[in-house]
Amino acid sequence: MPRGELDTAALVAAVTEPTRQAVSKHLAVLTRVGLVEGEKHGRELRYRLNVERLDRATRSLGELASTWDQRLIRIKQIAEASVSTRGRPR
């Protein structure tokens with residue numbers, strides 16, 4: 001779904017693998033969390049990305065990933081230090 005453009009679930013499903021029903025369910029979830037916005041056009045419901053919310057979510061996930069990367073590095077360092085001071089683990 002290009003930024004700022006409106007698409008229906010059927011149009012999105014036509015260019016992706018999932019069925020229209022699966023796309024509709026995903027769009028409903030994304031609407032509930034504010035990442036897309038639905039707009040009624042006659043009988044169709046067309047969706048638009050909420051770019052600001054998506055950017056904010058992307059930044060938050062990047063920060064979370066960085067935090068976990070640092071934690072995993074620390075766990076690895078502790079494990080390696082333990083092995084080097086005790087010899088090989090059994």
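Coordinate-derived values only; no laboratory data. Remember, predicted model here, so these are calculated numbers, not experimental data. Cβ placement follows ideal geometry from the backbone for every residue including glycine, while neighbour counts extend to all protein chains displayed.
Some observations on this one:
- Selection within region 46-64 - under 13 Å from V33 (Cα atoms) and touching a strand residue (DSSP E or B) at 6+ places or on another chain (Cβ under 8 Å): L49, N50
- Any chance K76 is of a type in the set (K, R) and within 19 Å of R20 (Cβ to Cβ): no
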